[in-house]
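J.: Shown below is the structure under consideration.
The values are calculated or read from the model by the stated rules, or taken from the named source; none is laboratory data. Computed from a predicted model, the values in this text were never measured in an experiment. Neighbour counts are summed over all protein chains in view; Cβ atoms, including those assigned to glycine, are modelled from backbone coordinates with ideal geometry.
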Amino acid sequence: MYPEETAAPAAPKDAILVVDDEVPMLEAFVACLSPYFDVTSATSARDADFILRKKAFKVVISDHLMPGGNGMSFLVRAREEYPKMNRILVTGYMKPEMLMRSVNEAALFRYLLKPVSFSELVKVVQEAASADGSKEG
């Protein structure tokens, strides 16, 4: 017999990677997503590239404009190297035609415009984590 207080182990959380050079924004995203996901964070595309080689992720969320490499280029590389991982771009400013080209080049699952509401962020990441990332769109 198991003691009553022994609960069944929680289902493992999907691993996600959040990339943003603005530490307060990154910390807010991590705090918002941590109850639902196994969250890893990076403050640059270079750090994110290194992390991706060490661990598998269901979803990567990246800011667009960062020093030392933009999020869009990072997500295009991520698409090529990890096609099953869904990609979400977060941006504060981008021309519509640039955005459409980016969506196609990186095969984004979705893009979010800043300011992003936390409820929207959680909902979109949950959808991306449960979607089949292997489909090319």
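J.: Tell me whether segment 102-113 contains one or more residues that are in contact with a helix residue (DSSP H, G or I) (Cβ under 8 Å, 6 or more places away or on another chain) and modelled with pLDDT under 90.
T.: yes
J.: Another question, if that's okay. Within segment 34-50, can one find any residue that is of a type in the set (D, E, K, R), under 18 Å from SER130 (Cβ atoms) and buried (at least 16 other Cβ atoms within 10 Å of the Cβ)?
T.: Checking segment 34-50: not a single residue is of a type in the set (D, E, K, R), under 18 Å from SER130 (Cβ atoms) and buried (at least 16 other Cβ atoms within 10 Å of the Cβ).
J.: Considering only segment 52-66, state which residues are out of contact with any Gly (no Cβ under 6 Å at 6 or more places or on another chain), surrounded by 16 or more Cβ atoms within 10 Å (Cβ to Cβ) and of a type outside the set (Phe, Trp, Tyr).
T.: Of everything in segment 52-66, those that are out of contact with any Gly (no Cβ under 6 Å at 6 or more places or on another chain), surrounded by 16 or more Cβ atoms within 10 Å (Cβ to Cβ) and of a type outside the set (Phe, Trp, Tyr) turn out to be LEU52, LYS58, VAL59, VAL60, ILE61, MET66.
J.: Also: Suppose we filter GLU127, GLU97, GLU80 for residues that are surrounded by 14 or more Cβ atoms within 10 Å (Cβ to Cβ) and either among the basic types (Lys, Arg) or part of a helix (DSSP H, G or I) (or both); which single one remains?
T.: GLU127
J.: Also, quick follow-up: Taking the condition outside any loop (DSSP other than H, G, I, E, B), modelled with pLDDT of 95 or more, more than 16 Å from ALA128 (Cα to Cα) and hydroxyl-bearing (Ser, Thr, Tyr), does SER62 pass?
T.: no
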